[in-house]
Amino acid sequence: MLVIARRLFFYLVTAAIAISLDFLIPRMIPGNPVDAILSKMQGVTITPATIHALDLQFGVNTSASLWGQYTHFWNNVLHGNLGVSTANAFEPVSTVIRQALPYTLGLVGVATLISFVLGTAIGAIVAWKRGSWLDNLLPVVTFFQAAPYFFLAFLAIDVFAVTLGWFPSARAANATDFPAFNWTYISDVLDHSLLPAMTIVVASAAGWIVGMRNVMLTTMDEDYVLIAAAKGLPKRRVIWYAARNAILPSVSGFALAIGFIVSGALLTEIVFSYPGLGSLLLQAVQNNDYELMQGLFLIITFAVLAANLIADFVYVFLDPRTRQEA
Amino acid sequence: MAVGIGTEQVTGGAPVPGAALLGTGSPRRRQRALRLPRSPKIIVGLAMLTFFVLLSVIGPLVAPYSPDQIFANSPVPLPPSSAHWLGTTNLQQDVFSQLLAGGSDMLLVSFIAGVIATALSVVIGVTAGYLGGLADDLLSMLANIFLVMPALPLLVILFGFLGKTGSNDLFLIGFIISVTGWAWGARVLRAQTLSLRNRDYVDSAKIIGERRSRIIFAEILPNLTPIVASSFLFTVLYAVGTYTAMAFLGLVNPNWSWGGILYYAQGANAELTGYWWWYIPPGLAVALLGTSLVLLNFGIDEFINPRLRAAGLSRRGGDRKRARALRSQQFALTPVLPVSRPPAAPLDTTAATAGNGGRA
């Protein structure tokens, strides 16, 4: 458990740095974000209190010391106070994000899991059958590895939603549906999430396939694989022995991959008009809604750190060597 | 040929491929460098990359129209015709001209980002790996923090606060992208430096009394070249994707870019209305440019770790037999070669298979 404790400490430090960046970036970059926000607020009565609150948020026209502002910022974050979203009728950012978060967690979480399992399995098989027709998959995989997620989303919508009409093309549910915990609504949400999820799976599986194949090729040369084959074990068992060990770098490489996948998935959400964090990100950009941007950065970072922590638990479970240390 | 040495000692694990291969002397390295272009992946990758670089440089000069020119003759985007090879946008601008104009800024930004990020990763990775101790702990932690922090929302804040003025400065954009993209290279380089540090030739250099700077620059860095090259390509690929994503969000849009075309196409719902000529060319261009970089990277990976070589992109009967023979060897502790084959060329089989596959 020492490993987990150390990783946990690392994630806490990373979270603290993310919060500090969130505080510092508006103050480091020249320009006055408050003016930019006020210029966007057409048709809203701006009270001096609003301006004062914004000034405090971005450290403009304030007599408080930088340290004082910093501790104030921390206090706010720890109390879940991320400011207000100008693009969403001054609702608290935390409320806005809370409404969108379940969609992204569900879509990206499930898609990432499927892509990991599928990609790793395909990678293991491609490596095992090296020199067979399966090698022809690699150029295709290379293309998908390089194509932007949102371009694949364009194609998926045009082909599968519009031309073939198999899937709905936008949103997370029919506009007429009322969110409720019943089968009509749930099946509707599932129906709407299938195409975006498949887009994310296809776009992200490529990385796992290549990663797994490369490690598997090395693992297949290990003595224990030779012994397993020499004993006459069924081929499936032998592949399993090799794959079980080859999967470790994929799990530890999760940290790098998840950042890319989340970024790609958020852009995919935008193309699908999916009401998750990606669409909020676009909304924040289009409206200069800085506090929403900052809140999204924090929440997405925390979610990625949590995903990494889960990957660490899986790693400790898979690799007994990490457990011996303590 | 010389590459045969050390195949059986290649260390496992994705981040440090082919550690043993890198320790060999320089004449051998030169030989291998000459062999490099024989891999079909490298040839195809280089050809595609050259094409896109030429396209971006010459493109704006040979474009039939200005990308901003408006041809007011239809309320909806027009499909490809002889006047507009790739059709028009909803504003009746020529998609082909926009495509030709859209590559240069992106490539320049990606190149700047690649150079800065590679320099950062070499400095930080080699320092951490060579010094060890507390410096290593702190620098590794820094790299890991940048590695786990999701880049997209961070870049959105940075470009969001920079606003219009900052998003027109190509060098600044490249610099910001590189800040979020150096950590992976630094981690790989650190691991490799760590393994090179304790090699005999480094020890002997130390015993002779060479200065630390000479050991790093003359003994260690040259042996990191393939990894530096691979991390440079990786960063350029990352920058291409990131710049396209930023342009797609409308955050950077100084001139035309492929991501920018997609931004307008998405704004006009091109994917819902079947205006394929509007969104497919820029998307495909980004994807193929990325593919060329990935192929080159694969080529370098296979060069570092020959075990990764597949038997080629396509194959014929002869190759298949050789590949099967190769596969049967995988269970041997030492390579057992068919009697008919000269024993000195165990790896040429692999190389030849890879080469033939591409030529076939």
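Read-outs throughout are calculated quantities, based only on the coordinates presented, and are distinct from any laboratory measurement. All figures in this text were calculated on a predicted structure; none of them were measured in a lab. All Cβ positions, even for glycine, are placed from backbone atoms using ideal geometry, and neighbour counts span all protein chains on display.
The 3J(HN,Hα) values that the Karplus relation (6.51, -1.76, 1.60; θ = phi - 60°) gives for the range A:236-253 are, in residue order, 4, 5, 5, 4, 4, 4, 5, 5, 4, 7, 6, 6, 4, x, 5, 5, 6, x Hz. Gly and Pro appear as x. Subtracting the Cα-Cα distance of A:I114 and A:M28 from their residue separation scaled by 0.36 nm leaves 26.9 nm.
Note on B:K41: aspartates and glutamates with a C-alpha under 16 Å away, same-chain residues under 8 apart excluded, are A:D135, B:D301, B:E302.
In the elastic network of chain A, a GNM with C-alpha springs shorter than 10 Å, the most mobile of A:G211, A:G123, A:G232 is A:G232. Using a Gaussian network model of chain A in which every pair of alpha carbons under 10 angstrom is joined by a spring, one finds that among A:I122, A:I299, A:I25 the greatest mean-square fluctuation is at A:I25. Mean projection of the Cα convex hull over all viewing directions, computed for chain A: 22.3 nm². Computed from the alpha carbon positions, the gyration tensor of the range B:207-246 leads to an equivalent ellipsoid with semi-axes of 35, 9, 4 Å, biggest first. Average 1/r across all pairs of distinct alpha carbons in the range B:52-186, invert it, and you get the Kirkwood radius: 17.8 Å. The loop-placed GluC sites (Glu not before Pro) in the range B:184-283, going by DSSP, that have at most 15 neighbouring Cβ atoms within 10 Å of their Cβ come out as B:E210.
Nearest 10 degrees is fine. How inclined is helix A:137-146 to the longest principal axis of chain A, computing both from alpha carbons? So the inclination is approximately 10 degrees. In a Debye calculation with equal point scatterers on the alpha-carbon sites of the range B:193-286 and no solvent, what is log10 I(q)/I(0) at q = 0.15 Å⁻¹? The computed values of log10 I(q)/I(0) come out as -0.66. With distances taken between every two different alpha-carbon atoms, the range A:175-255 has a Kirkwood hydrodynamic radius of 15.9 Å. Comparing A:S279, A:S263, A:S115, which has the greatest mean-square fluctuation in the GNM of chain A with Cα pairs linked when under 10 Å apart? With Cα springs under 10 Å in chain A, the top fluctuation among A:S279, A:S263, A:S115 is at A:S263.
Using a 10 Å cut-off on Cβ to Cβ distances, tally the other chain neighbours for every residue of B:278-285 and report the average as a whole number.
Values: counts 1, 6, 4, 0, 3, 8, 4, 1.
Across the residues of B:278-285, the mean count of other-chain Cβ atoms within 10 Å is 3.
Projecting the Cα atoms of B:A183, B:L154, B:M246 onto the dipole axis of the range B:144-295, where Lys and Arg carry +1 and Asp and Glu carry -1 at the beta carbon, places B:A183 farthest toward the positive end. Amide H to amide H distances under 5 Å link A:V84 with A:V93, where only residues 5 or more positions off or on other chains count and H is placed in the peptide plane.
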